[in-house]
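*Asks:* After the C-alpha cells below, expect a handful of questions from me.
Just so it is clear, none of the values below were taken in a lab; they were calculated from the coordinates. It should be emphasised that the depicted structure is a prediction, and the values quoted were computed from it without experimental measurement. Cβ: placed from backbone, ideal geometry, glycine included. Neighbour counts: every protein chain shown.
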Amino acid sequence: MLGLVALPMVMRNPYYLGIMVFMGIYSLISIGLSLLMGYAGQISLGHAAFFAIGAYTSGILTTKAHLSPLPAFLAAIVLTACIAFLIGIPTLRLKGHYLAMATLGFGQIVYVALNASVDFTGGPSGFGEIPRIALGNFVVESQLSRYCLVWALVIIVLLFSLNLIHSRVGRALRSIHSSELAANAMGVNTSKYKIQVFVLSAIYASIAGSLYAHFVTFISPGSFDLEFSILLVTMVVVGGMANVWGALLGTVLLTLLPEFLRGFKDYDILIYGSTLLLIMIFMPEGLFGLVKKLRTVHGKT
Amino acid sequence: MGNSYAIESQEMSTSIILQLILSGVTIGSIYAMVALGFNIIYNSTSIINFAQGEFVMLGGMFMVSLVGPLNLPMWVAFPIAVLAVTLIGMAFERLCIHPLKMPSVLSLIIITIAGSILLKGGAMFAWGKETFSLPHFSTEKPILLLEATILPQTVWILGIIGMVVLLLALFFRFTIVGKAMRACAANRPAASLVGINVKRIVLLSFALSAAIGAIAGIIITPISLMDYERGAILGLKGFGAAVLGGLGNPMGAVVAGFLIGIVESLCAGLISSHYKDAVGLVVLLMVLFIKPSGLFGSAQVSKLKKF
C-alpha cells in the first residue's frame with residue numbers, strides 16, 4: 001500500500017503512470033470477479049459487458065444529456081446493478097460450462113448491440129468528446145491525478161471487499177464454493193448470495209467503465225469484446241483464485257506483460273500464450289499459490 | 001397490375017426464405033461439426049477445449065497451402081491436411097493437458113485458451129495475416145432446387161458431414177476403441193478399473209476432434225474463405241451449439257448446430273445482418289433459462305458432473 005503512494009513520487013514518467021492507471025481500472029474489475037469466482041465459485045465470461053454498460057452510460061449521459069460526470073456515474077451504477085440483477089436471476093441457476101456459455105452469450109449480445117445501435121452508441125466507430133471528471137475547478141486530466149483517483153477507488157473497493165469476505169456474507173459465499181448443496185442444507189440462501197455478489201462485481205466493473213470513459217474520452221465497442229472478458233478471467237485465475245490479492249497480482253502481471261512484450265513485435269502473441277501456459281501448468285494455484293508456498297517454506301527454515 | 005405484383009412478391013419471399021434456410025443449413029452444418037468436436041473431448045475429459053475453433057482454421061490453412069503453392073490435387077491434399085491437424089491436436093494434448101496432475105476445471109479452461117492463442121500466433125507466422133480462398137471441390141455453377149439455388153460445394157459439405165456423423169456413430173457403437181471411449185464418458189474411474197487406458201483415450205479424443213475440426217475447415221474454406229483469426233468465432237458458435245444441444249450429447253449438438261445456423265441466416269436476411277451474431281445467442285439463453293441443461297441434455301447427468 002505504501003509503495004502505491006510512494007510510486008508516483010519516484011516515477012514521474014507519464015507513460016508509466018498511464019500504464020498504472022489502466023492497471024487500477026482493471027484491478028477494480030478483477031477484484032469483483034475474484035469475489036464471484038474465487039469465493040462464490042461462479043464463473044463469468046461476460047464482465048466486459050458490465051464494463052461497457054458503465055462506460056457507455058457515463059459517456060452518453062455526459063455528452064448527449066449534458067449531465068455532469070458524478071450523477072452520470074451514479075446512474076451508470078444503478079443501471080448496471082439493475083441489469084446484473086435481471087440477468088443474474090435466470091443465469092446463476094445454471095452451472096459450470098452452461099453458466100460460462102450463458103455469461104459469454106450475454107457479453108456477446110451487449111457487444112453486438114453496441115455495434116448495431118448506431119444512432120445511440122455511434123456503432124463500431126464509437127463516439128468521443130466525453131468530458132473529463134472535474135472536482136470543483138480541478139480537472140482530472142494529468143496522469144498523476146488520474147493515478148490518484150483510480151487507486152484511491154481501488155483501495156476503497158479492496159477494503160470493502162476484504163471486509164465483506166471476513167463477514168457472515170463471506171463465509172456464506174465460501175460455503176457455496178465448497179458445496180452449494182451442503183450450504184443450502186445448512187440454511188444458507190445460496191441463490192440470494194450468488195446474485196448479490198454477481199451484482200456487486202458488476203457494480204465494480206461499472207465504476208471501472210465510467211472511469212475509463214472519462215479518462216480516455218473516446219469509447220468504441222472494440223474495448224469491450226469477448227477477448228477482454230477472457231482477459232479478466234485470466235487475470236483472476238493466473239493470479240490465484242483463492243484470494244483477492246491473487247486477483248491483484250494477476251492484474252499487475254497481465255497488464256505489464258504486453259507492455260514488456262511490445263519490443264518483441266509480432267512475437268508477443270507467442271510469448272504471451274506460452275507464459276500463460278507455463279504458469280498454469282507449473283502453478284495450478286496461480287501466482288499467489290506460489291507466493292504462499294514460498295512463504296511456508298521460508299517460515300519453516 | 002397491382003394484384004399480380006403482390007403475387008409475384010409473395011413468390012419471391014418464399015423463395016428468399018428457402019434460400020436463407022439453405023444457407024443456414026450450410027453454415028449450421030459447420031457449427032454442428034465444431035460442436036461434435038467439443039463433445040468428443042468433453043465426454044472423455046470434462047474439458048471444454050477452447051482451441052477447437054483453431055483446429056478448424058488450421059484445417060483450412062493447411063489445405064490452402066497444399067492445394068495452392070504445392071499444387072497437389074484436392075483428393076491428395078485433403079487427407080494430408082487432416083493428418084497434419086490431427087498430429088497438432090495430439091501434440092497439443094501431450095504438451096498442454098497431459099503434464100497436469102489433478103487440474104481444476106478453470107485452470108483447464110485457461111490452458112486451452114492459452115493453447116488457442118499459441119495456435120493462432122503460430123498460424124499468423126506460418127501464413128501471415130491475409131485471407132485465403134480455395135477452389136470449389138467441383139463446378140461453381142449453382143444447381144436449381146425448387147425455387148432456390150444451391151452451390152455444388154454445399155452439396156459436398158452436407159454429404160461429407162453426413163458421412164462423418166455416420167462414421168462416428170458406427171465407430172462409437174461397434175468398435176472396441178469407440179466403446180472404450182463411451183465407457184470413459186459414462187464413468188472414468190470405472191472404465192479405468194476394467195482396464196481401459198484412460199490417458200490414451202484422452203489423447204485419442206483430442207486426435208479425433210482435431211481431425212473433425214480440420215475436415216470442417218477444409219470444406220468450408222471454398223465458400224467462406226479463411227484467415228488466421230477465423231477460429232475464435234467458429235469455436236464460439238460451436239460451443240454455443242454444443243451447450244444448446246446439451247453437453248455430451250452428439251446428436252443434440254448436430255441438431256443445435258443446424259438450428260443456430262438457420263436462425264442466424266433467417267435473421268440476417270429478414271431482419272438485420274447487424275444482429276445476426278446475437279440472435280443465435282438470444283435463442284440459446286432463452287433455452288437455457290427454461291431448460292438449464294440444454295435441449296437434449298439430461299438434468300440428472302448434469303447434476304452429477306462437477307462442471
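*Asks:* Is segment A:2-226 best put as rounded, prolate or oblate by its Cα gyration tensor, with a ≥ b ≥ c the root eigenvalues, rounded for a/c under 1.5, and otherwise prolate when a/b is larger than b/c, oblate when not?
*Replies:* It comes out oblate by the Cα gyration axes.
*Asks:* What list of ³J(HN,Hα) couplings, whole Hz, do you get for segment A:214-231 from phi and the Karplus terms 6.51, -1.76, 1.60, once you set θ to phi - 60° and write x for glycine and proline?
*Replies:* 6, 6, 7, 6, 9, 10, 9, x, x, 7, 10, 8, 4, 4, 5, 4, 5, 4
*Asks:* Please give the Cα centre distance for segment B:182-237 versus segment A:24-67, rounded to the nearest Å.
*Replies:* Segment B:182-237 and segment A:24-67 have Cα centres spaced 34 Å from each other.
*Asks:* I've got another one for you. Round to the nearest 0.05 the FRET efficiency obtained for residue B:186 and residue B:105 when R0 = 30 Å and r is the Cβ-Cβ distance.
*Replies:* Efficiency at R0 = 30 Å is approximately 0.95.
*Asks:* Let me know the longest stretch in chain B that avoids all trypsin sites (Lys or Arg not before Pro) found in a DSSP loop with at most 15 other C-beta atoms within 10 Å. Walk me through the numbers on the way to the answer.
*Replies:* On the way: sites that count: B:101, B:129, B:305, B:306.
Value returned for the longest uninterrupted segment is B:130-304.
*Asks:* I need the peptides B:14-26, A:89-101 ranked by packing, meaning the mean over residues of other C-beta atoms within 10 angstrom, with the highest value on top.
*Replies:* My ranking of the peptides, most packed first, is A:89-101, B:14-26.
*Asks:* In peptide A:90-97, how many Cβ atoms from other protein chains are near each Cβ within 10 Å, on average?
*Replies:* 6
*Asks:* Further, regarding this structure: So, in nm, how far is label residue A:260 from label residue B:16 when the simple model puts each one 7 Å beyond its Cα toward the Cβ?
*Replies:* Distance between the two pseudo-spin positions: 5.6 nm.
*Asks:* Once you have all Cα-Cα distances for the protein assembly as shown, histogram them in 10 Å bins from zero and send the whole-percent values.
*Replies:* Over the protein assembly as shown, the share of Cα pairs per 10 Å bin runs 3, 15, 26, 26, 18, 9, 3, 0, 0, 0 percent.
*Asks:* Using the basic label-point model (7 angstrom from Cα toward the beta carbon), what is the residue B:146 to residue A:68 distance in nanometres?
*Replies:* 6.4
*Asks:* Report the net charge of residues surrounding residue B:170, where surrounding means a beta-carbon distance below 15 angstrom and charges are Lys +1, Arg +1, Asp -1, Glu -1.
*Replies:* +3
*Asks:* Please compute the length gained on full extension between residue B:174 and residue B:251, using 0.36 nm multiplied by the number of residues separating them and subtracting their Cα-Cα distance.
*Replies:* Separation in residues times 0.36 nm, less the Cα-Cα distance, equals 26.0 nm.
*Asks:* Set the bar at 23 Å for Cα to Cα. Now go through A:95/B:179; A:194/B:276; A:265/B:276; A:95/A:192; A:194/B:291; B:237/B:291 and name every pair that lies beyond it. Write out the running numbers ahead of the final one.
*Replies:* Numbers: A:95/B:179 28 Å; A:194/B:276 32 Å; A:265/B:276 35 Å; A:95/A:192 15 Å; A:194/B:291 20 Å; B:237/B:291 19 Å.
Check vs 23 Å cut-off fails for A:95/B:179; A:194/B:276; A:265/B:276.
*Asks:* Where does the charge balance sit around residue B:202 when Lys and Arg score +1, Asp and Glu -1, over other residues with C-beta under 11 Å from its C-beta?
*Replies:* My count for the surroundings of residue B:202 gives +3.
*Asks:* Other chains near B:114-122: what is the mean number of their Cβ atoms within 10 Å of each residue's Cβ?
*Replies:* Neighbouring Cβ atoms belonging to other protein chains average 6 per residue here.
*Asks:* Once you have the Kirkwood Rh of segment B:218-276 from its Cα pairs, apply Stokes-Einstein at 25 °C and 0.890 mPa s and quote D in µm²/s.
*Replies:* 195
*Asks:* If the cut-off is a Cα-Cα distance under 19 Å, which aspartates and glutamates reach residue B:199, setting aside same-chain residues fewer than 8 apart in sequence?
*Replies:* Hits, sequence-local ones excluded: B:93.
*Asks:* Return the loop-located chymotrypsin sites (Phe, Trp or Tyr not before Pro) in segment A:205-294 (DSSP other than H, G, I, E, B) with at most 16 other Cβ atoms within 10 Å of their own Cβ; answer none if there are none.
*Replies:* Sparse-neighbourhood loop chymotrypsin sites (Phe, Trp or Tyr not before Pro): A:218.
*Asks:* Next up: Just to be sure I understand the model, the point goes 7 Å from the Cα along the line to the Cβ. What's the resulting residue A:168 to residue B:75 distance in nm?
*Replies:* Taking the two extended label points, one gets 7.6 nm.
*Asks:* If R0 is 30 Å, what FRET efficiency do you get for residue B:290 and residue A:192 from their C-beta distance, rounded to 0.05?
*Replies:* 0.85
*Asks:* Could you state the orientation-averaged shadow area of the convex hull built on the Cα atoms of segment B:29-228, in nm² to one decimal?
*Replies:* The orientation-averaged projected area of the Cα hull of segment B:29-228 comes to 12.5 nm².
*Asks:* Excluding same-chain residues fewer than 8 positions from residue B:101, which aspartates and glutamates have a Cα within less than 13 Å of its Cα?
*Replies:* Within the straight-line cut-off, residue B:101 pairs with A:285.
*Asks:* Next question, about the same structure. Which percent of Cα pairs goes in each bin when the distances of segment A:35-84 are cut into 10 angstrom slices starting at zero?
*Replies:* Taking every Cα pair in segment A:35-84, the percentages come to 26, 43, 22, 9, 0.
*Asks:* Tell me which residues come under 5 Å, amide H to amide H, from residue A:134 once H is placed; ignore anything under 5 positions away on its chain.
*Replies:* Sorted by chain and number, the residues that satisfy this are A:140.
*Asks:* Quick check: from the Cα gyration tensor, does segment A:130-217 come out rounded (a/c under 1.5), prolate or oblate?
*Replies:* Taking the square roots of the gyration eigenvalues as a ≥ b ≥ c, segment A:130-217 is prolate.
*Asks:* Then there is this: Under the rule a/c < 1.5 gives rounded, and otherwise a/b versus b/c splits prolate from oblate, where does segment B:152-307 land using the Cα gyration tensor?
*Replies:* It comes out oblate by the Cα gyration axes.
*Asks:* Next question. How many Cβ atoms of partner chains, on average, are near each residue of B:287-293 if near means within 10 Å of its Cβ?
*Replies:* Average neighbour count from other chains, rounded to a whole number: 4.
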